[in-house]
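Written out below as structure tokens is the structure these notes cover.
The values are calculated or read from the model by the stated rules, or taken from the named source; none is laboratory data. These numbers were taken from a predicted model, which means no experiment stands behind them. Because the Cβ atoms are built from the backbone with ideal geometry, glycine has one as well, and the counts that use them run over all protein chains shown.
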Amino acid sequence: MSFWADIGAIFRALMSRDSFEIQSALESDAAWVVGILAAAISGLIVMFIYRKVPVIERQLERSVMVYSYLAIALIIFWGVIDRFVFNDQEPWSTTIPPLLFMVMAWFGASYNVRLRTHLSFSEFRSSMPRAGQLACLILDAVLWFIFAVIVIVTTTRLVALSASNFQIVLGTDNIMQWWFLLAAPLAFFLMVGRVFQNLADDLQNWKTGEPLIKQAVIGAD
Amino acid sequence: MTDGTWVTLISLGVTFLFMLGVPVLLVIGYWVIGCSFVLGLTLDNMGAELLNVFNKGFALLAMPLFILTGDLINKSGIARRLSDFAYACLGWIRGGLAMASLGACGLFAAISGSNSATTATIGSMLHPEMIKGGYDERFSAATAAAGGTVGIIIPPSIIFIVYGFLMNLPISELFVAGILPGALMVIGMQLACWVICRINGWGYLIPLQLNRVLKTAFGAWLGFFAIGLVLWGIYTGKFSPTEAAGVTVGFCVIAGLVSYPINRIMGARNDIPPTEKSFAEMFVVEGFTIPEIPSIVIRSAQITGILAPLIAISVVMQQILSLLGAQETIGNFVTSMGGYHAVLFTSMVIVFFSGMVLESLPVTIILAPILAPIAASVGIDPIHFSVIFLMGASIGFITPPYGLNLYVASGVTGVPYFRLLRYTVPYLAALLSVWILVSLVPDLALILLPKN
């Protein structure tokens, strides 16, 4: 019974939107069950949205990546100019860019799942028979999913911890760290959507007889 | 079963996954997860580290920025000008175009910090011309792959940034220490290239004209300025490596945006070879417009999205390895080899073989914290050792089975991976000779360092 009670506690805490409640509720092992369900359901929703609204599918991760990238460059560039020309430097110019880098890195990880450009050694796989190739692709999907669930649960705990401790970004007065940290679990929810999308494509290719494994080129347009 | 047996089983299991073609990020990730269970560690530790690696690392930020500089100088046309200059200087020698593309790799590497960007840019730019110039297509692709290795030795370099970040060494000094060894790598490979081309009679010769050299050098001034900016800033300590990266990105963006309208107004023709252009036409590069910027950035962002998560997960793996006592085991093994040179060469062998199967970043993150203290204990200078270590890791880019540059070169040139391998052997020999030379002569790495 206590297991169900723990699950109930997590939902109640999420409803209350109180970071301290959420943090203590997530400490139980029930968080893993909720994590699996949440990842699976949101993954399906993300996949559905991507299918219905191709603009989001194409632009969401790309925009987050590109604009955090440019923001990092701009903040650091301006920091140097500020120091040399105006003898001044914003205190947050060295603390916000690393957080943006983190946001970019995990959204980028999700984007690369879709492109299948994460570094891998695919020489053996490509010379396998079709059934073997499909098995490898399904294995990939399962491994990505489990990994994503683990990261979602552990980083959500961290976000709640950060929020309940009122961690503020150094060098600012009122910018909370958890606003940035939240990007990590979000990126992994999107990643699950990408994993499902890939899996659907693979099964489709299997049925129609299309080649299952295509050479992906890093940085191709 | 003992912990040791479990860890061995897990390691074998993930190696099997790697062979099946599971992404390296997951392979290392599952090793971490498995070992966390064996050690009774909570997985929360992994989650926390995946975020902290970035949040605590202002120094690490130089990495994405120096990747971006590569794409910016490529798109703006500065990279093209640098390679035109290299060709004008070397085209009169047998195999000049191939040697020029190695030289262009060196110049490109002095602005960009990424090896795969170097291979991809120079490969896609010069491969078609090398084919036209009568070179074997496999040799041409191998040249791009091998040339890319200097991308991470000639400063700026993302791997020196990661190494300095992890080992608490001044990144600016690491950069300076990489200059001579990087230049030697280029010269060594050019020598190998010259020998091969002479034997096979590849390439057409162009006469050496002072006018052409001067004109292309003038055309590449923006590139030289960027190189000077990076080196000056780091050498004098005016800004940190991260700031140098930010400034270089800023410079490249401004140079690209300003060049575009000027180039238009002056009516420069972009599709003719540099010999037919006037000096005025060479003044600025083609440049780009503001709406084009996102499409330039997305390429770099994609590469960062591959490498940054890999860095994060490798850091967690290193922590678990140190909990498992790998430091002691490997340390005892390496020190049992004997003194200075024995430790040095054992470390080099370990790095070389790890580089064959792993990407350079995991090799560095996992092995450097283990090997560097041992090297220091037998009296090897930490900066000298870092250069030796990273040269070894960079050679791993063109060693099979897992050589990232070979994949990139194969991707941009269309030459199949396995057909490329044989043609990298001469380059490999050259790189190994330079590597051993640098390991025996510490001054090659240390002489340029500013004296205290």
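If only one of B:G103, B:G147, B:G178, B:G96 is under 11 Å from the mean Cα position of the chain (by Cα) and surrounded by 24 or more Cβ atoms within 10 Å (Cβ to Cβ), which one is it?
None of the other options fit; the residue is B:G147.
Return the residues of segment A:143-153 that are within 19 Å of A:L203 (Cβ to Cβ) and at the interface with chain B (Cβ under 10 Å from one of its Cβ atoms); say none if nothing qualifies.
Once the filter is applied, which keeps residues that are within 19 Å of A:L203 (Cβ to Cβ) and at the interface with chain B (Cβ under 10 Å from one of its Cβ atoms), segment A:143-153 yields A:L143, A:W144.
Might you let me know whether segment B:305-314 holds any residue that is at the interface with another protein chain (Cβ under 10 Å from one of its Cβ atoms), assigned to a helix (DSSP H, G or I) and modelled with pLDDT under 85?
no
Being aliphatic (A, V, I, L, M) and at pLDDT 90 or above narrows it down to one residue among B:V357, B:V408, B:V387; which is it?
B:V387
Conditions: (1) modelled with pLDDT of 85 or more; (2) over 19 Å from B:S240 (Cβ atoms); (3) surrounded by 17 or more Cβ atoms within 10 Å (Cβ to Cβ). A:W92 meets all but one. Number of the miss?
Answer for A:W92: the failing condition is (2).
Go over the candidates B:L166, B:L184, B:L180 one by one and state the one that is at negative phi, in contact with a Ser or Thr (Cβ under 9 Å, 6 or more places away or on another chain), part of a helix (DSSP H, G or I) and not β-branched (V, I, T).
B:L166
Testing B:Y340 on (1) more than 30 Å from B:G47 (Cβ to Cβ); (2) aromatic (F, W, Y); (3) touching an Asp or Glu at 6+ places or on another chain (Cβ under 9 Å), one condition comes back false. Which one is that?
(3)
What helices (runs of 4 or more DSSP H) completely inside segment A:9-105 contain at least 3 residues that are within 30 Å of B:Q302 (Cα to Cα) and either facing another protein chain (nearest Cβ under 8 Å) or among the acidic types (D, E) (or both)?
Of the helices (runs of 4 or more DSSP H) lying wholly inside segment A:9-105, those with at least 3 residues that are within 30 Å of B:Q302 (Cα to Cα) and either facing another protein chain (nearest Cβ under 8 Å) or among the acidic types (D, E) (or both) span A:54-86.
Check whether at least one residue in segment A:113-120 is assigned to a helix (DSSP H, G or I), among the hydrophobic types (A, V, I, L, M, F, W, C) and surrounded by fewer than 18 Cβ atoms within 10 Å (Cβ to Cβ), and report yes or no.
Yes, segment A:113-120 contains at least one residue that is assigned to a helix (DSSP H, G or I), among the hydrophobic types (A, V, I, L, M, F, W, C) and surrounded by fewer than 18 Cβ atoms within 10 Å (Cβ to Cβ).
Give segment B:19-29 a look and list any residue that's within 8 Å of chain A (Cβ to nearest Cβ), crowded, with 19+ Cβ neighbours inside 10 Å and either in contact (Cβ under 8 Å) with a residue 24 or more places away in the chain or part of a helix (DSSP H, G or I) (or both), or say none.
B:V24, B:L25, B:L26, B:G29
I need the full set of residues from segment B:413-429 which are of a type outside the set (S, T, Y) and within 17 Å of the chain's Cα centre (by Cα), in order please.
Scanning segment B:413-429 gives a single hit, B:L428.
Among the helices (runs of 4 or more DSSP H) lying completely within segment B:58-115, list those that include at least 2 residues that are of a type in the set (A, V, I, L, M, F, W, C) and away from chain A (no Cβ under 14 Å).
Output list reads B:78-90, B:96-109.
What number goes with the only condition from (1) assigned to a helix (DSSP H, G or I); (2) farther than 22 Å from B:Y417 by Cα; (3) of a type in the set (A, V, I, L, M, F, W, C) that B:A141 does not pass?
The number of the failed condition is (2).
Report every pair of residues separated by at least 6 positions or lying on different chains whose Cβ atoms are under 7 Å apart, first residue within segment B:218-238 and part of a loop (DSSP other than H, G, I, E, B), second of a type in the set (K, R).
B:A220/B:R81
For segment B:30-57, enumerate the residues that are more than 10 Å from chain A (Cβ to nearest Cβ) and either at positive phi or free of Cβ contacts under 8 Å to residues at least 24 places away in the same chain (or both).
Hits for segment B:30-57 are B:F37, B:G40.
Let me spell it out: the conditions are (1) at the interface with chain A (Cβ under 10 Å from one of its Cβ atoms); (2) polar (S, T, N, Q); (3) under 15 Å from B:I320 (Cβ atoms), and B:T8 meets all of them except one. Which number is the exception?
So the condition that B:T8 fails would be (1).
Quick check: anything in segment B:275-290 out of contact with any helix residue (DSSP H, G or I) (no Cβ under 6 Å at 6 or more places or on another chain), in a helix (DSSP H, G or I) and modelled with pLDDT of 90 or more?
Checking segment B:275-290: at least one residue is out of contact with any helix residue (DSSP H, G or I) (no Cβ under 6 Å at 6 or more places or on another chain), in a helix (DSSP H, G or I) and modelled with pLDDT of 90 or more.
Please pick out the residue among A:A184, A:A163 that is buried (at least 20 other Cβ atoms within 10 Å of the Cβ) and within 9 Å of chain B (Cβ to nearest Cβ).
Going through A:A184, A:A163 in turn, the sole match is A:A184.
Report whether or not B:V253 is within 14 Å of chain A (Cβ to nearest Cβ) and part of a helix (DSSP H, G or I).
Yes; evaluated as a whole, the condition is true for this residue.
Of all residues in segment A:116-131, which are at the interface with chain B (Cβ under 7 Å from one of its Cβ atoms) and touching a residue at least 40 places away in the same chain (Cβ under 8 Å)?
Within segment A:116-131, A:T117, A:S122, A:R125 qualify.
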